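Colleague: Please see the structure below; I have some questions.
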Amino acid sequence: MHDIQEYHFPEYFSLIERLRRVIKNKMAIYDSNHIIVSFNHVKNDIIKHFNIEEEKVSICPPPFAEDWFLNKKETNWNEIKEKYDLKRKYILYPAATWVHKNHTKLLDAVKKIRDDGLEFDLVCTGNKMGHYKIILKKIEELKLPEVAHFLGIVPEEDLISLYKNSSLVVIPTLYEAGSAPLYEAMRYQVPVICSNVTSLPDTINNDEFIFNPNSVDEMASVIKKMLSDVEFRKENIENSKLRMEYFKKIDYSIKFTEVYQKINPTLPS
């Protein structure tokens, strides 16, 4: 199970969607012999909200150190600049425009930093969901139409290039089971900062590089420091190297094997 976000942010789901998720989740949970999740916070949620025995839920994380892109190529930077009309250095946020992804607070932070005299653009990739209409209004309100680039879904080779050529990857999400962009940024050794929610602090493992996603001031402060402090950027990249080395040492298949042996003890170890 990926998550039960609707228990944390019910306001982001329609009544029908909440009911559908509760019914489907109950069917899946109570009819199963065992439940697999990727992170401890999801396990705790399932135990709490569905009154499930702890022994019935196992944490089996995906292989975080591996490259998850199917296409290993990357687009030439000159092509990227022309294709997406990128003229300045930029920060990157790859995420569909769901409400909980918190694009509007990120736009507020961008406006605040630019008003302080630091020039850069914001590039966002990912599916443009219904909340995108609110985001567009926010961009107009903050007078950022020439600064905020929402590219939609881009080809993998373009996204890899956008990662590698960005000045900073920012992940201001309000909720995340686990953040693929965080792992991707660390994998490519691009400076990255993220929210202090769910699994993200444990993933990045350094409080210097996290922020409260509900605080525009705090978010802006960390972004500004990362864009202007060379030593801080070096520390961040070094932290990412260490985290990737840590993840590479984990044998992810063992946890899955243990689950299958729990539900079928006759399987060979």
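The values are calculated or read from the model by the stated rules, or taken from the named source; none is laboratory data. Owing to the predicted nature of the structure, the values given are computational and were not obtained by experimental measurement. In this analysis, Cβ positions are derived from the backbone assuming ideal geometry, glycine residues included, and neighbour counts consider all displayed protein chains.
Colleague: Exactly one of (1) part of a helix (DSSP H, G or I); (2) within 27 Å of residue 238 (Cα to Cα) is unmet by residue 107. Its number?
Modeller: If we test residue 107 against (1) part of a helix (DSSP H, G or I); (2) within 27 Å of residue 238 (Cα to Cα), just (2) comes out false.
Colleague: Oh, and also: Is it the case that residue 87 is among the basic types (Lys, Arg), closer than 19 Å to residue 147 by Cβ and within 20 Å of the chain's Cα centre (by Cα)? If you could, list the steps in order and put the result at the bottom.
Modeller: Numbers: among the basic types (Lys, Arg): yes; closer than 19 Å to residue 147 by Cβ: yes; within 20 Å of the chain's Cα centre (by Cα): no.
No: the conditions fail for residue 87.
Colleague: Considering region 10-34 alone, what residues qualify as being under 18 Å from residue 101 (Cβ atoms), exposed (fewer than 13 other Cβ atoms within 10 Å of the Cβ) and in contact with a helix residue (DSSP H, G or I) (Cβ under 8 Å, 6 or more places away or on another chain)?
Modeller: Within region 10-34, 10, 17 qualify.
Colleague: Still on this structure: Restricting to region 64-104, what's the tally of residues that are in contact with a Phe, Trp or Tyr (Cβ under 8 Å, 6 or more places away or on another chain), in a loop (DSSP other than H, G, I, E, B) and either of a type in the set (Asp, Glu) or buried (at least 18 other Cβ atoms within 10 Å of the Cβ) (or both)?
Modeller: Qualifying residue count for the region: 3.
Colleague: Quick one: in region 202-242, which of the residues that are hydroxyl-bearing (Ser, Thr, Tyr) and in contact (Cβ under 8 Å) with a residue 40 or more places away in the chain is surrounded by the fewest Cβ atoms within 10 Å (Cβ to Cβ)?
Modeller: 228
Colleague: Mind telling me which of the residues 209, 232, 256, 247 ends up being at pLDDT below 90, on the phi < 0 side of the Ramachandran plot and of a type in the set (Phe, Trp, Tyr)? Steps first, please.
Modeller: Numbers: 209 fails: at pLDDT below 90; 232 fails: at pLDDT below 90; 247 fails: at pLDDT below 90.
Residue meeting the stated conditions: 256.
Colleague: Still on this structure, I have one more. In region 35-62, which residue that is under 27 Å from the mean Cα position of the chain (by Cα) and assigned to a loop (DSSP other than H, G, I, E, B) is surrounded by the fewest Cβ atoms within 10 Å (Cβ to Cβ)?
Modeller: Once the filter is applied, the top-ranked residue is 62.
Colleague: Now for a separate question. What tally of residues in region 133-157 results from selecting those that are within 18 Å of the chain's Cα centre (by Cα) and either within 17 Å of residue 108 (Cβ to Cβ) or at pLDDT 95 or above (or both)?
Modeller: At the first step, the residues of region 133-157 found to be within 18 Å of the chain's Cα centre (by Cα) are 150-154, 156.
Imposing the further condition that a residue be either within 17 Å of residue 108 (Cβ to Cβ) or at pLDDT 95 or above (or both) reduces the set to 150-154.
Residues meeting the conditions: 5.
Colleague: If we only count helices (runs of 4 or more DSSP H) wholly inside region 145-226, which ones have 2 or more residues that are farther than 22 Å from residue 246 by Cα and touching a helix residue (DSSP H, G or I) at 6+ places or on another chain (Cβ under 6 Å)?
Modeller: Ranges flagged: none.
Colleague: Let me ask something additional. Got at least one residue in region 168-186 being more than 20 Å from residue 102 (Cα to Cα) and buried (at least 22 other Cβ atoms within 10 Å of the Cβ)?
Modeller: yes
Colleague: How many residues are of a type in the set (Val, Ile, Thr) and part of a helix (DSSP H, G or I) when one looks only at region 110-124?
Modeller: 2
Colleague: Condition first: touching a strand residue (DSSP E or B) at 6+ places or on another chain (Cβ under 7 Å), assigned to a loop (DSSP other than H, G, I, E, B) and not hydrophobic (A, V, I, L, M, F, W, C). Can you find one or more residues in region 245-256 that meet it? So that I can check it myself, show each step before the final result.
Modeller: Applying the first criterion (touching a strand residue (DSSP E or B) at 6+ places or on another chain (Cβ under 7 Å)) to region 245-256 yields 255.
Checking the rest, the ones that are also assigned to a loop (DSSP other than H, G, I, E, B) come to none.
No, region 245-256 contains no residue that is touching a strand residue (DSSP E or B) at 6+ places or on another chain (Cβ under 7 Å), assigned to a loop (DSSP other than H, G, I, E, B) and not hydrophobic (A, V, I, L, M, F, W, C).
Colleague: Would you mind stating whether residue 11 is under 25 Å from residue 197 (Cβ atoms), free of Cβ contacts under 8 Å to residues at least 12 places away in the same chain, in a helix (DSSP H, G or I) and out of contact with any Phe, Trp or Tyr (no Cβ under 8 Å at 6 or more places or on another chain)?
Modeller: Yes: the conditions hold for residue 11.
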